[in-house]
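Each remark here refers to the structure printed beneath this line.
The values are calculated or read from the model by the stated rules, or taken from the named source; none is laboratory data. It should be emphasised that the depicted structure is a prediction, and the values quoted were computed from it without experimental measurement. All Cβ positions, glycine included, derive from the backbone under ideal geometry; neighbour counts span all protein chains shown. For accessibility, only protein heavy atoms count, side chains too; no ligands or nucleic acids. Shrake-Rupley method; radii C 1.70, N 1.55, O 1.52, S 1.80 Å.
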Amino acid sequence: MRVRLTAGAMTVTLLTSLAMTGCAAKLPAAVDRDLTDDWVKVAQVEGYVPDAGVCLDVIPKGTGRYTDLTVECSKLHYTETVHVGRFAETATRGAKDFAAAFTECDAKSKEYIGRPWSDGTLVLKVTTPTDAAWKGGARWFRCDLTEVDSVSGGSNWVRRSASLKDGIPAASLLTCGKYNRKANNTMPRVACTTAHNAEFAGSFRAAANVAFPKSERQWDVIHKQCRAVVGRFLGVSTTTAQRWGVVSYHLGEDGWADGNRLVRCYVWFGGSTMKKSAKGSKGKGLPNFVSVP
């Protein structure tokens, strides 16, 4: 009968032989009885972990995999990964886990592009492993920035051909717009030198205990914080900023629940228009707010 010994079988045989020998006679001092204490430990096997600072020509879908197409950032792409973090081993990808990941992504994206990503027509997504990879032990998350054609609703993903490492291009920065409440609260962007009734003032992140705005009372909480943002933008007090209206945009209820509580704020002149930027004006030369139906 032929016997094929594996490395494991040979080890067992050797240990048995030495043990039997030990019963018969005392081993020389030079012989080490513990054969495993000097073995090099096998490193923990690591699965796929994505790279940061790369561009992907894939539409954001919440989960990522090693087959996501990586391209040079100078070529057309949808997504740029600005950071890769790691969930705790005990994470379940629940709301608290996503909120912590988004906070990290938010800070790292600002470091990467040199300013808040919300200053442009960008969306920050937290991308996680597939369910199968998660069950296999993968705990990474990607911080992905993607451009959209509008931040005021009904937006589409945009393919771009430059790295955001160099900063948000001027054409993608939020400036002035024509807010239309009757057209589903949309705000097409226009140059500030043309007639407009609103201007982007900045953004804030709602606290974890702030409810997603549905009722008028809940919206008042959001608008109050936006009015403070508008006041800083104009160079006036929050009280003085009440002379004008505010428009507040969030990123949706699902994102809110997962910690993406960013709100973009605009100063709004209602039915009035102007043809210059209101930034730092201290309220001088700005039109009075005219109510619109």
With every protein chain kept in place and a 1.4 Å probe, the residues 220, 258, 119 fall, from largest accessible area down, as 220, 258, 119
If the cut-off is a Cα-Cα distance under 16 Å, which lysines reach residue 276, setting aside same-chain residues fewer than 8 apart in sequence? 178, 284
Can you order the peptides 82-88, 228-234 by their average number of other Cβ atoms within 10 Å per residue, highest first? 228-234, 82-88
Does anything in the range 186-228 have its amide N under 15 Å from the 7 Å Cα→Cβ label point of residue 240, and if so which residues? 228
Cα-projected label distance for residue 104 with residue 277, points at 7 Å along beta-carbon direction, nm: 3.5 nm
On the accessible surface of the range 160-239, probed at 1.4 Å with all protein chains in place, carbon and sulfur together account for a percent value of 53 percent
Student exercise, the range 238-287 dipole from Lys, Arg, Asp, Glu Cβ charges, in Debye to nearest 20: 600 debye
With an 8 Å cut-off on Cα pairs and a minimum separation of 6 or more residues, tell me the relative contact order of the range 150-293 in percent. 25 percent
Subtracting the Cα-Cα distance from 0.36 nm times the residue separation, let me have the gained length for residue 61 to residue 89 in nm, one decimal. 7.8 nm
If only Cα atoms are counted, what is the Rg of the range 139-191, and what is its Dmax, in Å? 13.9, 45
Accessible area, probe 1.4 Å, largest first, for residues 144, 57: 57, 144
Contour minus Cα-Cα distance for residue 96 and residue 220 (0.36 nm per residue): 42.1 nm
Rounded to the nearest whole Å², what accessible area per residue is found for the range 106-171 with the 1.4 Å probe? 43 Å²
Taking the Cβ of residue 176 as the center, what net charge do the other residues with Cβ under 12 Å away carry, scoring Lys and Arg +1 and Asp and Glu -1? +4
Residue 219: accessible area at probe 1.4 Å, nearest 10 Å²? 70 Å²
